Amino acid sequence: MESLGYNEETIAAMELGLCGGIGPVLGRILIEHFGSATAVFGAAPAALHQIPGLSNKVKYNIIHSAKSHLDEAREYAKKHIANGISVVSISEKNYPYRLKELADAPLCLYFKGGIDWDAPRILGVIGTRKPTPHGSHEAKKMVEDMRPFNPIIVSGMAYGIDAIAHRTALETGQATWAVLAHGLEKIYPAAHQAFAKQMLAGRGGLISEFPIDTKMHPDYFPRRNRIVAGLCDAILVIESGLKGGSMITARIAHSYNRDVFSVPGRPSDLASVGCNFLIQKNMAHIVQNANDIGESMNWENQNPTSNNQNSQQLNLFQQLNPIEKQVMQWLMEGINHPNKMLEKHQWTASKISMALLDLELKGLIYSTAGNQYKPNN
């Protein structure tokens, strides 16, 4: 039974969750009071009476239904193992630390795939189930451009922005996790089974707080959303109305002191009303590109391509002729117009123009409005 993490303490934590009237908050209180989930079921009735807020029904369930719940938990464990579903309980050291600090953290997390709970960077990407073409483009570009920062991309595997985030992460070789609102023996929506398999075959994973055979229920989606919010260092919202799962997740993330980022829309864009609201109420940072997120989170760009590009630019700079080097120097000093360069009386207008053209062709500078030039970073 030790397989996939199902030890006696974990089964006791599962058992606690099966007792009627015990949710994540009360379950956590009981475990911390008695020292372990196993100890809760070994507690004397008098000791249970000392727990404030514990109803007589819950006390009865713990004392008199322990064996039946334990048997049920063991059956669940067997089914999970048969389906390749792992588990981690809140009593274990490898329980995700980001969630463990929250009062309503799940007692158990069930998961499939290669999941590093302590990954240094985790970004949730959420939004409407019915994105506009603009929203779809923004979601794809944002996730693509996050690649140099190497975060885990987390979402809820719903239609729309969720699915775009997962698929784009897969296409760009980034790890991605999906948090589901039901047991992991199935995938909902069914249309997403194919890329769920891709996730499990690569660096992805599936996560749920619900044991196997748990059917979908409307109440479970907000519970799923709090896990998305709690697992992540930051949440990115791309197109959302004033109501719905994305706004629930964003509000929960804000209450958890997570960084929330929102892609703004025009005031007339109904698809972006929620995003604009979050920004207006100072619940989210306005974001226009992936670099905004990376800089705000102090995430170092880990893309070796960027380093290679900088190295290539340095080599090109070293190969410049004297006129080109002087023009580059002027540009870095803020002298960005050919007429200002002429005032230095070092080179003729034709030589300066030729140098600017050559530098632009080499990718070292670019032209802006008003015949001005700036160096490429």
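The values are calculated or read from the model by the stated rules, or taken from the named source; none is laboratory data. These figures come from a predicted structure and were not determined experimentally. Note: ideal-geometry Cβ built from the backbone for every residue, glycine included; neighbour counts use all protein chains shown.
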Which of the residues belonging to region 350-373 are in contact with a strand residue (DSSP E or B) (Cβ under 9 Å, 6 or more places away or on another chain) and buried (at least 16 other Cβ atoms within 10 Å of the Cβ)? L356, L359, L364, I365, Y373
Please go through (1) under 19 Å from A163 (Cα atoms); (2) outside the structural domain of L278 (by TED's automatic domain parsing) for Y97 and return the number of the only condition it doesn't satisfy. (1)
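Which strands (runs of 3 or more DSSP E) does region 135-220 wholly contain that include 3 or more residues that are among the β-branched types (V, I, T), in the same structural domain as R266 (by TED's automatic domain parsing) and under 20 Å from the mean Cα position of the chain (by Cα)?
Fully inside region 135-220 and qualifying: 152-155.
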Let me spell it out: the conditions are (1) out of contact with any Asp or Glu (no Cβ under 6 Å at 6 or more places or on another chain); (2) assigned to a loop (DSSP other than H, G, I, E, B); (3) surrounded by fewer than 22 Cβ atoms within 10 Å (Cβ to Cβ); (4) touching a residue at least 24 places away in the same chain (Cβ under 8 Å), and R74 meets all of them except one. Which number is the exception? (2)
Quick one: V88 ticks every box in (1) under 22 Å from Q174 (Cα atoms); (2) part of a strand (DSSP E or B); (3) among the hydrophobic types (A, V, I, L, M, F, W, C) bar one, so which box is it? (1)
Single residue of region 248-296 satisfying the filter (surrounded by fewer than 16 Cβ atoms within 10 Å (Cβ to Cβ) and either among the hydrophobic types (A, V, I, L, M, F, W, C) or part of a strand (DSSP E or B) (or both)) that is nearest to the chain's Cα centre (by Cα): I286
Count, please, the residues in region 326-336 that happen to be surrounded by fewer than 15 Cβ atoms within 10 Å (Cβ to Cβ) and either farther than 14 Å from P375 by Cβ or at pLDDT 85 or above (or both). 1
Go over the candidates G127, G135 one by one and state the one that is at pLDDT below 95, crowded, with 24+ Cβ neighbours inside 10 Å and touching a Ser or Thr at 6+ places or on another chain (Cβ under 9 Å). G135
Which of (1) charged (D, E, K, R); (2) surrounded by 23 or more Cβ atoms within 10 Å (Cβ to Cβ); (3) in contact with an Asp or Glu (Cβ under 8 Å, 6 or more places away or on another chain) does D162 not meet, given it meets every other one? (3)
Here are P131, P106: which of them is assigned to a loop (DSSP other than H, G, I, E, B), in contact with a helix residue (DSSP H, G or I) (Cβ under 7 Å, 6 or more places away or on another chain) and assigned by TED's automatic domain parsing to the domain that holds A191? P131
Can you tell me which residue is modelled with the lowest pLDDT among those in region 31-61 that are within 26 Å of I81 (Cβ to Cβ) and touching a helix residue (DSSP H, G or I) at 6+ places or on another chain (Cβ under 7 Å)? F41
Among the candidates D292, D233, D213, D269, which residue alone is at pLDDT 95 or above and among the charged types (D, E, K, R)? D233
Identify all residues within region 106-160 that are small (G, A, S) and under 23 Å from P189 (Cβ atoms); write none if there are none. G113, G124, G127, G135, S136, A139, S155, G156, A158, G160
